[in-house]
Amino acid sequence: MTTSASPDAIPEPPKGPSHVAIIMDGNGRWAQQRNRPRLFGHQAGARRVREIVEACPDIGVKYLTIFAFSTENWKRTQIEVAGLMTLFKRYITKEMQAFVKERVRVRFIGDRMRLDPKLQALMDETEKLTAENDRVHLTIALNYGSRDEVARATKRLAREVSAGKIEPETVDETTLARFLDTHVLPDPDLVIRTSGEARISNFLLWQSAYAEYEFVDTLWPDFTRDHLAEVVGRYGLRERRFGAVPA
């Protein structure tokens, strides 16, 4: 005989995502709507990051990964690229102590070798200063492209195989994952793209194989903690089967 649940039983709340990744799109259009230069929009977008990071613990998000600059963004004008690089240095310098105070652990993923040495040094310093923090894990994708990441990982793996440290027959997807930039992070549960565009732009392709996606119309500088909470709430209502069928 099956025993029905007590009418007074309180159902468990839907489980939210532990790891949210965001493609922060729409800074340029936000600025153009205000007849301002694109860098004005990027500055507003950088300020928005603080609010979203601070909101994460309140809604149960432990890991936040943001797409700051892609390997394809070098195709933009020299003025915009130079302005972005200056903005990154200023942002990291300004926010470093806040990250420490708020117990935010910061990591950077992407190919650092093309970046300015001063920016690289700031990235290294921030990672070291926040290494013991664990309230929120913030990962910033800077000069990042998923295809580039997989290519770099494959090269490192090939060197290990060539050196006899790994047997070719043992290589599988778990082996390759250990050489990715994100090897210390869980895969994202939810990927959000702002600004109404419905594409993933070479972002965490390997890691997001089973992530849920949300494409929202809001431009990134207008994306508030309330928007984040709303999207995270919708995630909790989804049925995630990872290729299986419902029981």
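Quote the relative contact order of segment 73-143 in percent (integer), defining contacts as alpha-carbon pairs under 8 Å separated by 6+ residues.
40 percent
Relative contact order for the chain using alpha-carbon pairs under 8 Å, separation at least 6, rounded to a whole percent?
RCO, the chain: 28 percent.
Could you compute how fast the chain diffuses translationally, taking Rh as the Kirkwood radius over C-alpha pairs and applying Stokes-Einstein at 37 °C with viscosity 0.692 mPa s? Give it in µm² per second.
The Stokes-Einstein estimate is 167 µm²/s.
Radius of gyration and Dmax for segment 79-181's Cα atoms, expressed in Å?
Considering segment 79-181 through its Cα atoms, Rg and Dmax are 16.5, 49 Å.
Which residue fluctuates most in the GNM of the chain (Cα springs below 10 Å): Ala131, Ala21, Ala141?
Among Ala131, Ala21, Ala141, the largest GNM mean-square fluctuation belongs to Ala131.
Which residue, chosen from Tyr235, Ala44, His183, occupies the Cα position most advanced towards the positive end of the dipole of the chain, where the dipole is computed from +1 (Lys, Arg) and -1 (Asp, Glu) charges on Cβ about the Cα centre?
Final value for the positive-end residue is Ala44.
FYI, it's all coordinate maths here, none of it is from the lab. None of the values given here were measured: they were computed from a predicted structure. Positions of Cβ are generated from backbone atoms using ideal geometry, with glycine treated the same way; all protein chains shown enter the neighbour counts.
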